[in-house]
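Taking it in order: structure first as structure tokens, then the write-up.
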Amino acid sequence: MSFPLLEAQGLILRFGTTTALDDVGIAVHPGEVVAIVGESGSGKSTLLRVLSGQLVPAAGQVTYRDAQGQPHLLHEMGEAALRRLMRTDWGFVHQNARDGLRMGVSAGGNVGERLMAIGARHYGDIRAQATEWLRRVEIDEARIDHLPRTFSGGMQQRLQIARTLVSRPRLVFMDEPTGGLDVSVQARLLDLIRGLASELNIAVLLVTHDIAAARLLAHRLMVMRHGRVVEQGLTDRVLDDPQHPYTQLLVSSVLAA
Ligand SMILES: Nc1ncnc2c1ncn2[C@@H]1O[C@H](COP(=O)(O)OP(=O)(O)OP(=O)(O)O)[C@@H](O)[C@H]1O
Ligand SMILES: [Mg+2]
């Protein structure tokens, strides 16, 4: 059994009188897709922000393990190291593609820029890799010099995925990556994410309130409510045989919908 890429215990975070995280722990192993589900306000995005170093918890710790297997306490790494981590070993896919793309830079530039950030210098190679990644996310390479704002929502999201994955991260955080897209577009995007994550052996920590998306993508599921993890386990086990009354409600409300 390999070491987890990311591990956290005892996370607590409050916003005023709201306890957004109440003693949360998690572990994500290489190549594993873990979905975090739960109602609005349950703390999913807060957890992702703490795990990705954007928010510092009041208590608890997050351990990141580098490619050599060395553990590092995330909140002691310092800003520069954290930014480097986000460009190399980790990636973040935002719900709103505009938060993850540079809208004033061409599609090819959005992808190529990430390669340059990790040291690529040869223009021809960068262009070739950008072209290859557009193909992988099903964007016509004739659009390579176009600005993302001329793209549909689904295309923008696929471009954001290409920009994130081109540097071959080992762990990618995704917060509602299909939120706000048409249902047919969502299905295609989920398929694409699933294919790429499995082909490249990328671990994904996916926040969603779409149980069907979690079922499709995730090996493991964590159910959150009021800042606590009420249930977790293998996706099929949790969804087919939910133990906690809240999970039972969540699953049955999806079936009834
Ligand atoms: N910046 C903030 N300031 C104050 N309260 C916040 C802030 N961010 C989140 N909260 C509160 O913390 C709790 C958890 O919020 P969070 O955004 O993590 O929920 P969520 O599960 O991601 O919900 P959603 O499904 O709506 O995105 C909520 O009660 C929310 O109102
Ligand atoms: Mg959220």
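Any read-out appearing in this document is the output of simple, stated calculations on the displayed coordinates, not a laboratory observation. This is a predicted model, so every value here is computed, not measured. Every residue, glycine as well, gets a Cβ built from its backbone with ideal geometry; the counts of neighbours run over all protein chains shown.
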task = Subtracting the Cα-Cα distance from 0.36 nm times the residue separation, let me have the gained length for Ser253 to Asp240 in nm, one decimal.
result = 3.3 nm
remark   = Neighbours of Gln248 by Cβ distance under 15 Å: Lys/Arg at +1, Asp/Glu at -1, summed charge -2
query = Tally Lys/Arg at +1 and Asp/Glu at -1 over every other residue whose Cβ is under 12 Å from the Cβ of Leu51; what's the total?
reply = 0
request  = Kindly write out, for the range 212-226 in residue order, the coupling ³J(HN,Hα) from the Karplus curve 6.51 cos²θ - 1.76 cosθ + 1.60 (θ = phi - 60°), rounded to whole Hz, with x marking Gly and Pro.
outcome  = 5, 5, 4, 4, 5, 9, 8, 6, 10, 10, 10, 9, 10, 8, 6
note = Residue separation between Arg84 and His72 times 0.36 nm, minus their alpha-carbon distance, gives in nm 2.9 nm
inquiry  = Nearest 500 deg cm²/dmol is fine: what mean residue ellipticity at 222 nm does the chain get from its DSSP H runs of n ≥ 4 alone, each adding -39,500 (n - 2.57), divided by its residue count?
reply    = -11500 deg cm²/dmol
note = When all Cα-Cα pair distances of the chain are considered, the percent exceeding 30 Å is 28 percent
key: Order of Met86, Met224 - criterion: other Cβ atoms within 10 Å of each residue's Cβ, fewest first   = Met86, Met224
query = Phe173's amide H: which non-local residues (gap 5+, or another chain) put their own amide H closer than 5 Å, with H modeled 1.01 Å from N in plane and none for Pro or chain starts?
reply = Gly91, Phe92, Val93, Leu205
ask   = Taking Cα centroids, how far is the range 96-114 from the range 119-151 in Å?
value = 10 Å
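Counting Lys and Arg as +1 and Asp and Glu as -1, each charge on the Cβ, what is the dipole of the range 101-168 about the Cα centre in debye, to the nearest 20? Don't jump to the answer; show the numbers that get you there.
On the way: 11 positive and 7 negative charges, 42 e Å.
It works out to roughly 200 debye.
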3J(HN,Hα) from dihedral phi, the range 14-25, Karplus parametrisation 6.51/-1.76/1.60, rounded to Hz, x for glycine, proline = 10, 10, x, 8, 7, 8, 7, 10, 10, 6, 9, x
Which of Leu101, Met86, His75, positive extreme of dipole for the range 67-119 (C-beta unit charges) = Leu101
ask   = Against the longest alpha carbon principal axis of the chain, how many degrees, from 0 to 90 and to the nearest 10, is the axis of helix 107-117 turned?
value = 80 degrees
Full-extension gain in nm, Glu39 to Ala187, via 0.36 nm per residue minus C-alpha separation = 51.2 nm
key: the range 163-222 versus the range 224-257: alpha-carbon centroid distance in Å   = 19 Å
